[in-house]
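Let me begin by presenting the structure, written as structure tokens, before commenting on it.
The values are calculated or read from the model by the stated rules, or taken from the named source; none is laboratory data. Bear in mind that the values here come from a model prediction, so they are computed numbers and not experimental data. All Cβ positions, glycine included, derive from the backbone under ideal geometry; neighbour counts span all protein chains shown. Each accessible area value is taken on the protein alone, full model and side chains, heavy atoms only, with ligands, DNA and RNA left out. Shrake-Rupley method; radii C 1.70, N 1.55, O 1.52, S 1.80 Å.
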Amino acid sequence: MRHRIAVVGSGPAGLTFARVLHRHDHPVAVLERDPTPDAHPPGGTLDLHEGLGQLALDKAGLLAEFQALSRPEGQAMRILDTDGTVLRDWRPRPGDRANPEIDRGQLRDLLLDPLDVQWGRGVTQVVPGTRDGVVVHFADGRQETFDLVVGADGAWSRIRPAVSSVAPHYTGITSIETSLDDVDTRHSDLARLIGDGSLAVYGVNRSLVAQRNSGGHVKVYTKFRAPLDWHTNLDLADVEAVRSSLLALFDGWAAPVLDLLRHGTAFVHRPFYVLPVSHTWTHVPGVTLLGDAAHLMPPLGAGANLAMLEGAELAEFIAAAPGPGDLDEAVRAFEEQMWARAGRWAKITTAGLERLVSPDPAEALALFDQVQPS
């Protein structure tokens with residue numbers, strides 16, 4: 001008899017989990033509150049690491065398709081001083097596929113292909129420990145019961161309270177994101193400045209990163225230290241007011257760098273929240289977590305990779321469970337494995353964020369040289 005399994009959330013973690021279970025011919029209900037796949041912009045590009053995200057796609061049987069879609073040239077990184085001086089200009093060697101980039105939308109569509117996602121099914125809470133299993137409560141008032149509910153619903157997970165009372169806390173660092181379209185024809189000078197991958201500039205307690213996506217689309221991310229209520233006197237919906245505020249914050253930086261903000265089409269505020277570095281919980285039968293729901297950490301390239309590998313591994317643990325009574329032990333074994341690896345990465349990314357948005361910009365350059373020596 002098959003286990004009744006649901007995963008809440010259709011991000012990289014939830015979809016990878018469902019795809020690997022699908023490959024093992026095990027049904028899974030994918031529950032997503034968004035009404036359609038395109039209800040929100042999918043976000044920027046992701047670099048998928050060989051031993052993490054790419055390994056997860058291999059477990060899902062999708063590595064070849066990923067390689068056809070990905071952009072190895074997107075691994076390139078150029079670092080400027082605030083006056084525009086080029087400090088580093090690293091480019092991947094031919095055949096280097098350690099961390100190729102792929103747009104989030106392309107990755108989503110790749111994972112979605114055969115899955116039957118239940119769109120518009122917002123989950124409000126789960127109640128484990130009932131006689132029939134775990135009860136899932138939906139926003140429309142309905143309920144369903146499952147043997148296992150997997151929370152892959154991100155930073156503000158509705159599933160997490162079933163296993164942990166811990167909530168994310170603000171890091172003291174916030175981000176404002178903007179974007180440029182058709183950059184190669186409309187802003188060819190900025191396209192050349194960015195190159196094939198990313199451009200980064202580090203100043204005192206602030207940074208700016210421009211990252212090329214496919215189709216001439218560029219995402220621009222500013223990061224700076226500020227109290228959570230720093231924008232009290234700023235209307236974040238007023239594009240020109242936000243632009244002026246950012247230009248003042250980065251005043252004195254090289255004109256081409258500031259042009260990335262001058263030409264931005266819209267601005268999105270994203271304060272950085274994290275869970276404690278070693279976030280674990282007492283195992284609760286019938287409920288577990290993946291990705292940001294389990295171990296929200298600074299967005300330095302590890303989160304989606306970890307989430308995807310966790311989804312694939314949990315699916316494999318479940319598929320390998322020999323009988324109906326072994327599901328809980330499979331989940332326990334997975335959690336122990338996830339916690340150990342996530343704890344290591346949380347320490348790395350927490351320390352990394354402190355160095356990338358630092359009173360001493362040389363710390364960011366030194367970190368790059370450690371990670372990607374020339």
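In square angstrom, rounded to the nearest 10, how much accessible surface does Ser188 have for a 1.4 Å probe?
50 Å²
Stretch Thr185-Ala254 to full length: gain in nm at 0.36 nm per residue minus the Cα-Cα span?
Values: separation 69, 0.36 × 69 = 24.84 nm, distance 2.19 nm.
Stretched out fully, the Thr185 to Ala254 stretch lengthens by 22.7 nm.
³J(HN,Hα) across the stretch 88-96 via Karplus (A = 6.51, B = -1.76, C = 1.60, θ = phi - 60°), whole Hz, x for Gly/Pro?
9, 9, 8, 10, x, 6, x, x, 6
Kindly provide the Kirkwood hydrodynamic radius of the stretch 147-199 in Å, to one decimal, from all pairs of distinct alpha carbon atoms. Each step should come with its number before you reach the end.
On the way: mean 1/r = 0.0645 Å⁻¹.
Across the stretch 147-199, the inverse of the average 1/r is 15.5 Å.
Percent of alpha carbon pairs in the stretch 1-52 separated by more than 13 Å?
Working: 878 of 1326 pairs.
In whole percent, the share of Cα-Cα pairs in the stretch 1-52 beyond 13 Å is 66.
Can you give me the angle between helix 362-371 and the longest principal axis of the chain, using Cα atoms only, in degrees from 0 to 90, rounded to the nearest 10?
50 degrees
Name the residue, out of Ala210, Ala139, Ala56, whose mean-square fluctuation peaks in a Gaussian network model built on the chain with Cα pairs under 10 Å.
The residue with the greatest mean-square fluctuation here is Ala139.
Could you quote the convex hull projected area for the stretch 242-310, Cα atoms only and averaged over all directions, in nm²?
On the way: hull surface 29.1 nm².
Spelled out: convex hull of the Cα atoms, projected over all directions, averaged, 7.3 nm².
If you roll a 1.4 angstrom probe over the protein chains with everything in place, what fraction of the accessible area of the stretch 79-223 belongs to carbon and sulfur, to the nearest %?
Numbers: 2820 of 6420 Å².
The computed percentage sits at 44.
When Lys and Arg each count +1 and Asp and Glu each count -1, what net charge do the other residues less than 10 Å away from Ala304, Cβ to Cβ, add up to?
On the way: positive: Arg104; negative: Asp47, Asp292.
Summing Lys and Arg as +1 and Asp and Glu as -1 gives -1.
Indicate, rounded to the nearest 5 percent, the antiparallel portion of the DSSP beta bridges found entirely in the chain. Spell out each step's value before the answer.
Details: 45 of 62 bridges.
DSSP beta bridges in the chain are roughly 75 percent antiparallel.
Rounding to the nearest 20 debye, state how big the charge dipole of the stretch 128-202 is about its Cα centre with +1 on each Lys and Arg Cβ and -1 on each Asp and Glu Cβ. Can you show the working numbers first?
Details: 6 positive and 11 negative charges, 83 e Å.
The dipole magnitude comes to about 400 debye.
On alpha carbon coordinates alone, what is the Rg over Rh value for the stretch 100-176, Rh being the Kirkwood radius? Let's see the in-between values first.
Working: Rg = 16.1 Å, Rh = 15.3 Å.
Reported Rg/Rh, Kirkwood definition of Rh: 1.05.
When ligands, DNA and RNA are left out and all protein chains stay put, how many square angstrom of accessible area per residue does the stretch 1-73 have with a 1.4 Å probe? Don't jump to the answer; show the numbers that get you there.
On the way: 3210 Å² over 73 residues.
On a per-residue basis, the stretch 1-73 sits at 44 Å².
Between the stretch 246-280 and the stretch 119-137, what is the C-alpha centre distance in whole Å?
38 Å
Shape call for the stretch 27-71 from the C-alpha gyration tensor, a ≥ b ≥ c root eigenvalues: rounded (a/c under 1.5), prolate (a/b greater than b/c) or oblate? All intermediate terms of the calculation are to be shown ahead of the outcome.
Numbers: a/c = 2.41, a/b = 1.45, b/c = 1.67.
Oblate is the answer for the stretch 27-71, as a/c is 1.5 or above yet b/c matches or exceeds a/b.
In debye to the nearest 20, how big a dipole does the chain give about its Cα centre with +1 on each Lys and Arg Cβ and -1 on each Asp and Glu Cβ? All intermediate terms of the calculation are to be shown ahead of the outcome.
Values: 34 positive and 48 negative charges, 74 e Å.
In debye, rounded to 20, the chain gives about 360.
What is the Cα radius of gyration of the stretch 20-164 over 2.2 N^0.38 Å, N being its residue count? Mind dumping the intermediate values first?
On the way: Rg = 19.8 Å, N = 145, 2.2 N^0.38 = 14.6 Å.
Computed over Cα atoms of the stretch 20-164, the ratio equals 1.36.
Under a 1.4 Å probe, what is the accessible area of the stretch 252-335 per residue, stated in Å²?
Values: 2870 Å² over 84 residues.
Dividing the accessible area of the stretch 252-335 by its residue count gives 34 Å².
Any idea what Rg and Dmax come out to for the chain if you just take the C-alpha atoms, in Å?
For the chain, the Cα-based Rg and Dmax read 21.3, 66 Å.
Per Stokes-Einstein, at 37 °C and 0.692 mPa s, what whole-number D in µm² s⁻¹ belongs to the stretch 71-136, with the Kirkwood radius over Cα pairs as the hydrodynamic radius?
Details: Rh = 17.0 Å.
It comes out at roughly 194 µm²/s.
Between the helical axis of 239-249 and the dominant principal axis of the chain, each derived from Cα atoms, what acute angle in degrees is found, rounded to the nearest 10?
Tilt relative to the chain: about 60 degrees.
Go through Val163, Ala139, Val117 and say which Cα lies farthest out towards the positive end of the charge dipole of the stretch 105-164; charges sit on Cβ, +1 for Lys and Arg, -1 for Asp and Glu.
Towards the positive end, the residue furthest out is Val163.
Which of Leu309, Leu48, Leu258 ends up with the largest GNM mean-square fluctuation for the chain, with Cα atoms connected below 10 Å?
Highest fluctuation of the listed residues: Leu258.
Could you state the orientation-averaged shadow area of the convex hull built on the Cα atoms of the stretch 298-374, in nm² to one decimal? Intermediate results must be reported in sequence, preceding the final value.
On the way: hull surface 24.3 nm².
Mean shadow area of the hull around the Cα atoms is 6.1 nm².
Mind listing the long-range amide H neighbours of Arg4? Cut-off is under 5 Å, sequence gap 5 or more, other chains count too, H placed in the peptide plane at 1.01 Å from N.
It is Asp147, Leu148, by chain and number.
Which shape class applies to the stretch 179-287: rounded if a/c is under 1.5, otherwise prolate when a/b exceeds b/c and oblate if not, where a ≥ b ≥ c are the square roots of the Cα gyration tensor eigenvalues? Each step should come with its number before you reach the end.
Working: a/c = 2.16, a/b = 1.52, b/c = 1.42.
Taking the square roots of the gyration eigenvalues as a ≥ b ≥ c, the stretch 179-287 is prolate.
When the scattering of the stretch 172-214 is computed by the Debye formula from its Cα atoms alone, each counted once and equally, what is log10 I(q)/I(0) at q = 0.21 Å⁻¹?
-0.74
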